[in-house]
1. With charges only on Cβ, +1 for K and R and -1 for D and E, what is the dipole size of the stretch A:567-698 about its Cα centre, in debye, rounded to 20?
2. Relative contact order for the stretch A:522-625 using alpha-carbon pairs under 8 Å, separation at least 6, rounded to a whole percent?
3. Would you mind giving the mean number of other chain beta-carbons within 10 Å of the Cβ of each residue in A:673-682, as a whole number?
4. Counting only protein heavy atoms, what percent of the accessible surface of the stretch A:621-678 is carbon or sulfur at a 1.4 Å probe?
5. Could you pull out the pairs from B:LYS252/B:LYS543; A:LYS327/B:LYS685; A:LYS308/B:LYS685; A:LYS543/A:LYS615; A:LYS327/B:LYS327 whose alpha carbons sit more than 24 Å apart here?
6. Using a 10 Å cut-off around each Cβ of peptide A:337-348, what is the average number of partner chain Cβ atoms that fall inside?
7. At what distance in angstrom do the alpha carbon centres of the stretch B:656-683 and the stretch B:554-616 lie from each other?
8. Using per-residue counts of other Cβ atoms within 10 Å, averaged over each peptide, order B:309-321, A:322-334, A:612-624 from highest down.
Number of protein chains: 2
Amino acid sequence: MATINEIGVAAAINIVTSIAFLIAFAILRIQPVNDRVYFPKWYLKGLRTSSIQTGGFGSKFINLDIRSYVRFLNWMPEALKMPEPELVDHAGLDSVVYLRIYLLGLKIFFPIACVAFTTMVPVNWTNKGLDGLKHTNISYSDIDKLSLSNIPNGSDRFWVHLCMAYAITFWTCFMLKREYQNIALMRLQFLANDERRPNQFTVLVRNIPVDPHESICELVEHFFKVNHPDHYLTFQAVHDATKLSELVQTRKQMQNLLDYNINKHMRTLSKRPVIKMGFLGCCGEEVDGIKYYTSMVESLTREITEEKHRLRTGTKSIVPAAFVSFKSRWGAAVCAQTQQTRDPTEWITEWAAEPCDIYYDNLALPYVDLKIRRIIVAVAYFFLTFFFMIPIAFVQSLANIEGIEKNFPFLKPLIEVKFFKSIIQGFLPGIALKIFLMLLPRILMQMSKFEGFISTSSLERRAASRFYMFQFINVFLGSIVTGTAFQQLNSFLNQSVSDIAKTIGVSIPIKATFFVTYIMVDGWAGVAGEILRLKPLIIYHLKNSFLVRTEKDREEATDPGTIGFNTGEPQIQLYFLLGLVYAAVSPILLPFIILFFALAYVVYRHQVINVYNQKYESAGKFWPDVHRRVVTALIVSQLLLMGLLSTKGAHKSTPLLLVLPVLTIGFHMHCKCRYQSAFVTYSLKEAMIKDTLERTREPNLNLKAFFRNAYAHPEFRVGENLDLEMAMEKPDKLPELVATKRGSWRNTSLPSKHI
Amino acid sequence: MATINEIGVAAAINIVTSIAFLIAFAILRIQPVNDRVYFPKWYLKGLRTSSIQTGGFGSKFINLDIRSYVRFLNWMPEALKMPEPELVDHAGLDSVVYLRIYLLGLKIFFPIACVAFTTMVPVNWTNKGLDGLKHTNISYSDIDKLSLSNIPNGSDRFWVHLCMAYAITFWTCFMLKREYQNIALMRLQFLANDERRPNQFTVLVRNIPVDPHESICELVEHFFKVNHPDHYLTFQAVHDATKLSELVQTRKQMQNLLDYNINKHMRTLSKRPVIKMGFLGCCGEEVDGIKYYTSMVESLTREITEEKHRLRTGTKSIVPAAFVSFKSRWGAAVCAQTQQTRDPTEWITEWAAEPCDIYYDNLALPYVDLKIRRIIVAVAYFFLTFFFMIPIAFVQSLANIEGIEKNFPFLKPLIEVKFFKSIIQGFLPGIALKIFLMLLPRILMQMSKFEGFISTSSLERRAASRFYMFQFINVFLGSIVTGTAFQQLNSFLNQSVSDIAKTIGVSIPIKATFFVTYIMVDGWAGVAGEILRLKPLIIYHLKNSFLVRTEKDREEATDPGTIGFNTGEPQIQLYFLLGLVYAAVSPILLPFIILFFALAYVVYRHQVINVYNQKYESAGKFWPDVHRRVVTALIVSQLLLMGLLSTKGAHKSTPLLLVLPVLTIGFHMHCKCRYQSAFVTYSLKEAMIKDTLERTREPNLNLKAFFRNAYAHPEFRVGENLDLEMAMEKPDKLPELVATKRGSWRNTSLPSKHI
């Protein structure tokens, strides 16, 4: 395995990369031309309309103020300056709670690291356990001397590790409980202070049974008038708008092509752009681009209008689901928490998510479909998870210097060059994994969509939990088992079951160096890359040069996206897992993890303040998942330590270690009973307080008007459509073009691409 | 192991015993003097007041009608004659659903047995796999030739067993699903047709937080008036009546002693009974017995009256729990299913059980106490379950003829006598286990009480589930593993892990003969003994001779008790487990199990009609437990078959068998989603229908009066107390004695023992 030198080189490379990224960011962010990439949130909130200029020629694009270069790192204290309540107002509770995951990591691991380095590392270092391995085929390095591997079998010193395991468990549980409590309180306060929103009064009803004598609308009306007579107010039917969505999507593409052609025409002015109608635009009849696309957009718009009219007047497209609104929050809370009929598969009610959080495509799925889809996805996920291991195992085995030398002896002279050797050792395993993992979140998201979840937030939570399981099996277990398997294939085949367990136990501490590299590549460089936003920067400048004509276009080009819970959280959880597993085994990992958490906290705080724009607000509903995963990691760490110590001849410790998982599970159940309900239900008392307050403040409130179209399908919202249709009444004449303030061309009368 | 002859002897003994019991029952039941033992339910229902007499001298006590002896078995068709709906009216839904467990056993195992004996037994019999074992130390018998053990390793014939496993799984699941559906429907219909009861309107609220400014009564009143303004009606506070219960208990004892002394005086007439005041009534000062106990009863009655007054006027004894009644079932359904406040550990609401089902002692327990008690009980149960195995293992090892001969060689001549040998083989293992198990249900019931359950029905359900786990680990696994372990201890110690797995796999079919014996002793003889009711018969006649003076006394002496869900159901489940495990391995067990189910069904149907008197009605709420346990047994059977087949060299079957547990778990989850809610929640639609009907029928109903004292502590109910206190106003004069109709002495003016 890697020696201290190799680790040092890898660390140096990664630190240099990270610092380079940070410096690049520090320079790029103060250029006015990049303002919309690095501070899009302020534009979206309307608090900034143009970039801050320092004066002088070219200062619109480039920052010429030397002083600002000197203060290039001052974004860090700035990111930390905004107090939490203000951050909640600015970015929403979800983002704040998300940031607290990093803080939780710091709170858990910093004290553990301090204790580990003052008590356990000296105990490990002053042993010669690894010297006995010199003549075996298990290789080790100096770094391993800091770890538990260095203690000879059956030594009394394992008591230190045992105590450490207890300390880790208690400290982690203590911090977890405090954090769960805090976040539950934050959520409850947030909900209590939240302004009036449709989702507070609305319940989503699904699986409305079909009745041959009544339409779905009549059914819903009757059912709730009978069974919630004092509280029912109104409902919003759900339409199957698949065709409409497709039409809108196609029009958007056509609109883009039209824009492109108009832009092209603007530049060349004399020649009108020409396109070919054949295969891939390479052959066939030539037509005028602008005219063609204009007519396409026009006919699509007409179709959209017709489809909308059809949906609005007909009842065939109504799916057996509805958003039912109540006169009070109390009524909605009651309806969401109770069973409506005998048959639990009919009239299923649940709190409606925010309108912008709803994933409309899945609302129509009947009960049986959902079950079948769940099974299909479970099977697909199983295969995905276990067959993904094959390529990773292959890359892992390649990434091992000795492995490469054995398998590709012709590469030996190249590898023996020290520089290459370090690069291979330091980068390859991490990067190969990273590329694999980059493809994954999208697949998992599609799986969740297929599975039938009905809100973006639940889709993201589900995808996150699958991604975590995947990382656990493939990155964590896969790296430990496969790596070892390749090194010690020979001894493996000749050993019995109990000996194999021993080998795995021994390989956990030895794998520490691999995970150090992984943390540096995936964690440090990843976070530094995150703040640089290289991809959005390039895309923005490209779009800005070629496509942007209206202010709205520019807004779309700068769309910063969301923080990506489904990819970010599982990554953090992997570090929790690594930290907890290695805390009592190879504490050398801890400083790397702490540095990751600290850097990531600052970077993501900056991003949350300045960049990301959450699409929905679930008020921290994902915390129970976060909590559960950290607890799982804790239990895994305890079990692995138990296995490891039993192979090290410390059999006496097993019963004492066995207590820990039992305690941890008990702790988890306690927390679940105590705090989870704050994230799942809404108590009648809270609902009643909010209702009473509102009734006192606004006695004549017209709630019915408030709910009108609140939950209409997004392609269906009224106000925006009108603009659009009005705009389409003059499609023939070429759009007027006006110069915007910033000098680029802007088209005011062309239909907006945004519907 | 046992040969066919030995099994035959055991079967003969058990059949003779069972038939003797049945004949004894047939004769005893038609004696008028035993009428109250064998038909107590009819007396309790007031449908019979004295036994049917056949005329002639002595016919009050003994049946002299010869014809009735000829028809002595006609109780069987009689027991089966009553149709199910009538039985529901007569004995309640709980009993009917309980009987359906036996029917389910028949429905599952009869077709399986038919298929097994026509297809699998011939396949097993026509092999010579066991001949290979002749020279090893694993012993076998002819019966084992019917089982899977007789098929040589790696044979293609295992496909038959694989198909059988699939058939068993699908058939069992099909029957389970149908039964779950039926019983859910029965429950829903029962609840829909049920007359008005306080528990339909009432919710139990626990963990009311303490407020220094308000009493608990004020708190409850305010809380529900604010948070359920349109539905709240009234509430009933819960008193801590521990002291009162103790006093009442003591007075009951004193009353019994007083009765005994009065009876003694009646017989001797001249001499007044004298008791000694010293240690155990053996020494010390002599006093007049009647006077002493009369004064004791008197002073206790006074104390009870004072204690009641204290409880009724003071507020200190009120515990932080209350029964809150609503104006409508809808309001109660809403309150029971929703969370009341932020903190899920305060104001916990749930449906109140029937007043007679409530276990008052546990109502006051706070949340933290409950959690701590649950942990304590879990630990205690763990130790109970695993340390109980030691004596069972010892008895099991003794019960093995070869084992005894090896360990106690001096007993060899005795054992070799054929008769003794058969007895030991046939009886001992079963009886030893049975005695152990007889002690257990009470301990488990006490554990459940300590754990804090608040209704008798839930106490019984919990105790049943613990009893089943216990039987599973100790009777089922314990018998298989320990028995084998003792026989093959030597080979065990010298084998590796995989070889041990092989040995256990092989021992499952060989253990079949033990379980056949167990079924005969525990099942057949147990059921026959159940109908004879020897213990209640003796106790009744003893009490009737010495203690009974009033009609009420006699009623108490004939108290038939309940069917005992906590002991009966786990026993049935053990037979389900045995049947499912052995169906594909040693189908020879199936006829024994089917006979048990059939006999038990008839016997318990008779008992339910004529004897048992359920204390509460939970409307079959225990069915999800029953269902879950049968599913568990099915999964265990699949896993064991998988292990067994893999040791028999049928490795190809493992993946195919692995599908079965996955499918079964899926089936269980489906059933849970689909039917469980019928046993847990009460839908708003049902509530609304019942409310509307009632409002139309009785528009001027005074519900408040209906609830008054419905949920008062049992020692506290008003009417009975008044009788008692009035009766106690003339305690000095010796009670009048009147001859009852049946000729025994009856005391009309003495205070009733019943409070």
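1. Values: 13 positive and 7 negative charges, 53 e Å.
The dipole magnitude comes to about 260 debye.
2. Values: 44 pairs, mean separation 40.0, N = 104.
Worked out over the stretch A:522-625, it gives 38 percent.
3. Details: counts 4, 5, 2, 1, 6, 4, 0, 2, 4, 3.
Taking all residues of A:673-682 together, the mean is 3.
4. Of all accessible area on the stretch A:621-678, carbon and sulfur atoms account for 73 percent.
5. Values: B:LYS252/B:LYS543 16 Å; A:LYS327/B:LYS685 19 Å; A:LYS308/B:LYS685 35 Å; A:LYS543/A:LYS615 22 Å; A:LYS327/B:LYS327 21 Å.
Flagged as over cut-off: A:LYS308/B:LYS685.
6. Details: counts 4, 12, 11, 5, 5, 12, 8, 10, 3, 2, 3, 0.
Whole-number average of other-chain Cβ neighbours for A:337-348 is 6.
7. The stretch B:656-683 and the stretch B:554-616 have Cα centres spaced 25 Å from each other.
8. A:322-334, A:612-624, B:309-321
The values are calculated or read from the model by the stated rules, or taken from the named source; none is laboratory data. Predicted, not measured: the structure shown is a model, and the values here were computed from it. Positions of Cβ are generated from backbone atoms using ideal geometry, with glycine treated the same way; all protein chains shown enter the neighbour counts. Areas reflect the complete protein model, heavy atoms only, side chains present, ligands, DNA and RNA absent. Shrake-Rupley method; radii C 1.70, N 1.55, O 1.52, S 1.80 Å.
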